[in-house]
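Notes follow once the structure below has been shown.
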Amino acid sequence: MRLSIATITANTAIGNKDNDVHLIEFYAPQLTQAVQAGQYCMIRCCDAGASDPLLRRPFFIHSRQREQGLCTLFVHVGGRGTAWLARQPVGAPLDVLGPLGHGWSINPNARNLLLVSDVHLIAPLPFLMQTALEQQLAVTLLCQSRTLEGAYPAALLPPEVEYHIITQNEQGDLQPVLGEYLSWADAAYCCVSRETATSLYNQFERLRGKHFAQGVVCGPSSVAAVPALPVVYRRVPARSWSAGMARSSHCARSCASILRACRKRAGWRELPGLAGGNRRNGVESLRESKIGRNI
């Protein structure tokens, strides 16, 4: 993990009126050399000298060009931090902390990789595709989207990747299509909502063996004003998924500790809920207080 100042080299809007998405390329040679597929970075999304938004935003590395020292981010605009980032012009500096996270792992014996994603959570997968194709592996992507127009652009995918878009007007969910590919795949990589991940696990966990699937679930933190953080689930078996849940709770507790330290350093008052270790009461106190409204 290293703190560095990157420089934006391209900012391309690739969405539509209903789906504001930007592909942002930046020059960060140290990050490019160190990052692995599935890792992310934390970006300070405010002007120099400003402190609003206060907290850094997490973004998965969408792809990289190692020789050129370039990385890209796939940014869905949905809040103040992402809106600020989407407005940055070419040449603007970015305060980047990373790489962070465990990243994906590819079994040396795997030959066929099945990638499953919701369109809004697909950012960790293109880098994995890039890595897999460099190892001459076969890759299939199943992407769930509300509409065909809002799906992940096929032009951003390598031609070797088999791409299947699942819309609400078609099958409606992933389960009917996923079952057709499981017998073909040697490993599966999922970027879906927590509800979808639970549903897939309950339906398919007995069909394949240990170490078959890995996943990233992006969800809200248990502390208000802390951005959603990526949580990596390493296994399909129930014991490992339970461990992943515990890791998520530990991540939330760590965020709460960091937030308390920031408040103390700034001279802010301690909230009773967080001070007492009750995260639920802490969230309610934070939302109701003046501090929570200003963050």
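Tell me, what HN-Hα J-couplings in whole Hz come from the Karplus equation 6.51 cos²θ - 1.76 cosθ + 1.60 at θ = phi - 60° for each residue of the stretch 136-148, using x for Gly and Pro?
Computed from phi, the couplings for the stretch 136-148 are 6, 9, 8, 10, 10, 10, 9, 10, 8, 9, 5, 9, 5 Hz.
Let me make sure I get this right: for the stretch 2-100, a, b and c are the square roots of the gyration tensor eigenvalues over alpha carbons, sorted descending. Under 1.5 in a/c it's rounded, otherwise prolate if a/b > b/c, else oblate. Which is it?
Since a/c reaches 1.5 but b/c is at least a/b, the shape of the stretch 2-100 is classed as oblate.
Mind checking which of 42, 88, 19 is farthest towards the positive end of the stretch 1-144's charge dipole, using Cβ charges of +1 (Lys, Arg) and -1 (Asp, Glu) about the Cα centre?
Of the options given, the answer is 42.
May I ask you to sort 62, 211 by Cβ crowding, counting other Cβ atoms within 10 Å and putting the fewest first?
211, 62
Per residue of the stretch 187-199, what does 6.51 cos²θ - 1.76 cosθ + 1.60 with θ = phi - 60° give for ³J(HN,Hα)? Whole Hz please, x for Gly and Pro, Karplus curve as stated.
Couplings: 7, 10, 10, 10, 10, 9, 5, 4, 5, 5, 4, 5, 5 Hz.
Could you pull out every residue, at least 5 positions away or on a different chain, whose amide H is within less than 5 Å of the one on residue 122? Hs are placed 1.01 Å off N in the peptide plane, and Pro or chain starts have none.
Amide H neighbours of residue 122, under 5 Å, 5+ apart: none.
Under 5 Å between amide hydrogens, which residues at least 5 positions from residue 15 or on another chain qualify, with H placed 1.01 Å from N in the peptide plane?
Counting only residues 5 or more places away or on other chains, the set is 21.
Among bridges DSSP assigns within the stretch 1-140, what percent are antiparallel (round to 5)?
Of all bridge pairs located within the stretch 1-140, approximately 90 percent are antiparallel.
Whole-Hz Karplus ³J(HN,Hα) for the stretch 103-109, in order, using 6.51 cos²θ - 1.76 cosθ + 1.60 and θ = phi - 60°, x for Gly and Pro?
Ordered by residue, 3J(HN,Hα) equals x, 7, 10, 10, 4, x, 8 Hz.
Taken together, the values in this text are just the output of simple stated rules run on the coordinates, not laboratory data. Source: prediction; values computed, not measured. Here the Cβ is made from the backbone with ideal geometry for all residues, glycine too, and neighbour counts use every protein chain on show.
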